[in-house]
Every structure is written in structure tokens, then in C-alpha cells.
Amino acid sequence: MDKFPQSIVFNSYGPTEATVATSIVSIDKTILEKYDPLPVGYPKYTSEILIDKNENPNEKGGEIIISGEHVSIGYFKMEELNKEKFITHNGQRAFRTGDYGYFEDGMLFYNGRKDEQVKLHGFRIELGDINAQLLKTELATEVATVPLRRGGEVKKIISFIIPKNIDTNKVELVATILKHLQANLPAYMLPAEIIVMEKFPYSNNHKIDKTKLIEMYVNGEMS
């Protein structure tokens, strides 16, 4: 907004299963000064957004549920997942997003993913917070942080990065990044390892394949 003062900036939210744009807000200086994080908007008039607080006990907000005619009829040939994710609310289709959020001043705020929150040594950790700090170093173009589980319990957290400069000394790079994390995150949130990679595996929908990353790590296939 500083660089393009004549532009109009919108922040919007919504998953593919609810036709993407489910809430929207125009971002102006007043909102920038008042809110951190920024809101993702007011629900559009054809949609109802609910917060299931039972899905995020003892934390702010809860799971975001989207209801309305724009909600998908379900995943193709995935009946078990459909039963888990798609429900009916007031006679309308509704979708459990797996996202956490809360309302403030009538606007929806995003507050992380169910599958991005883990518990390690009794501490609740938001993996997205680790990724945000990794990117703030401006030394990586892409990052991913994953939990390693044994017997269903998280044993340690691993972060993967793709460096901006592929010729950077890996040992020095990791040391610099770790120093930044130590200064900006509590000790219990620090990843057990930071691994430098040349490229990430991607799923069919062009997202980082975290399952494959874990598999590569366990099998010693890291570059």
C-alpha cells in the first residue's frame, strides 16, 4: 500500500471446497493500524461462517465451518472423508475447513490449521509460527516444518528450507537461521534439525508434499 497508494487492497479467505472466496475485507490504514494479524473479512451474504469451539479447547476461537449453497457436494469417491468434512447446517451444506479462526468486530480472523498445531513435551506448537520466522530471515525462498511421530506422539520437529542462494555454505546458513530462531521463538519451539534442500516434493495440487518430506527424511534421502 505504501508503494502503490492508489491501489485498493482486499484480503479474502475461503477453501476450494467452498468456492474459494467466502469472506472479504478492504484493507485500509485504519485496519492496518488496529489489527495484527489482519482480518480475513466479513462473510459474503450467501454464506454463513460458524466457529466450533469444541474443536480448539482452551485456545482462542475454534474450527471454521462454512455453510451455504456454494459449498461443494463432496470429494469424488471419498465417502469416509465426506462424512468427516461435510455436514448439514440449517438445511444447507456445510464444510469443516480444518482451519482455526475467531470473530472480532464482526470480522473473521484466521488462527492456524488443525493439522499445523502439534503438542511436543506438553507444549502446544503452531508450526506456521516457525515457518514465519524462517521466512523472516530472508535467507530462504520456501520453507516447511513437519512433526515426526512415533506411536502417534510427536517426538521432534524438523524444518526444511530452500535457500535463496544455492551456493551458500549450508553449515553457516543453518547457524545463522538458528540464531534468529533462538532470538525470536521460545526454546520448546525450536526445530530439532534445519535441513537445506535444493527442491521440495510437491503434491498433485502443487502444494509441498509433507508426507513425502518425512518419508525422505526417515529414509535418509535428504540432499
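The values are calculated or read from the model by the stated rules, or taken from the named source; none is laboratory data. All values derive from a computational prediction rather than experimental measurement. Note that we place each Cβ from the backbone using ideal geometry, even for glycine, and neighbour counts take in every protein chain shown. For the accessible areas, the whole protein counts, side chains as well, though only heavy atoms, and no ligand, DNA or RNA atoms are used. Shrake-Rupley method; radii C 1.70, N 1.55, O 1.52, S 1.80 Å.
Here are the numbers for the structure shown:
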{"read-out": "Total residues in the stretch 98-126, condition in contact with a Gly (Cβ under 9 Å, 6 or more places away or on another chain) and either closer than 26 Å to LEU81 by Cβ or among the hydroxyl-bearing types (Ser, Thr, Tyr) (or both)", "value": "14"}
{"read-out": "One residue from ILE27, ILE65 being under 14 Å from PHE103 (Cα atoms), in contact with a Phe, Trp or Tyr (Cβ under 8 Å, 6 or more places away or on another chain) and free of Cβ contacts under 8 Å to residues at least 40 places away in the same chain", "value": "ILE65"}
{"read-out": "Only one of VAL146, VAL174, VAL218 that is β-branched (Val, Ile, Thr), more than 21 Å from the chain's Cα centre (by Cα) and under 22 Å from GLN117 (Cα atoms)", "value": "VAL218"}
{"read-out": "Matching residues, the stretch 16-26, being surrounded by fewer than 17 Cβ atoms within 10 Å (Cβ to Cβ) and at pLDDT below 95", "value": "THR16, VAL20, ALA21"}
{"read-out": "Subset of the stretch 45-73 [among the basic types (Lys, Arg) and either outside any loop (DSSP other than H, G, I, E, B) or buried (at least 17 other Cβ atoms within 10 Å of the Cβ) (or both)]", "value": "LYS53"}
{"read-out": "Selection status of LEU108, closer than 30 Å to VAL196 by Cβ and either at pLDDT 90 or above or among the charged types (D, E, K, R) (or both)", "value": "no"}
{"read-out": "Cross-chain or 6+ apart pairs with Cβ under 9 Å, the stretch 181-209 first and under 20 Å from GLU221 (Cβ atoms), then of a type in the set (Phe, Trp, Tyr) and open to solvent by 80 Å² or more (accessible area, probe 1.4 Å)", "value": "ILE208/TYR202; ASP209/TYR202"}
{"read-out": "Residues located in the stretch 30-44, provided they are open to solvent by 60 Å² or more (accessible area, probe 1.4 Å), within 21 Å of ASP2 (Cα to Cα) and not aliphatic (A, V, I, L, M)", "value": "THR30, GLU33, LYS34, ASP36, PRO37"}
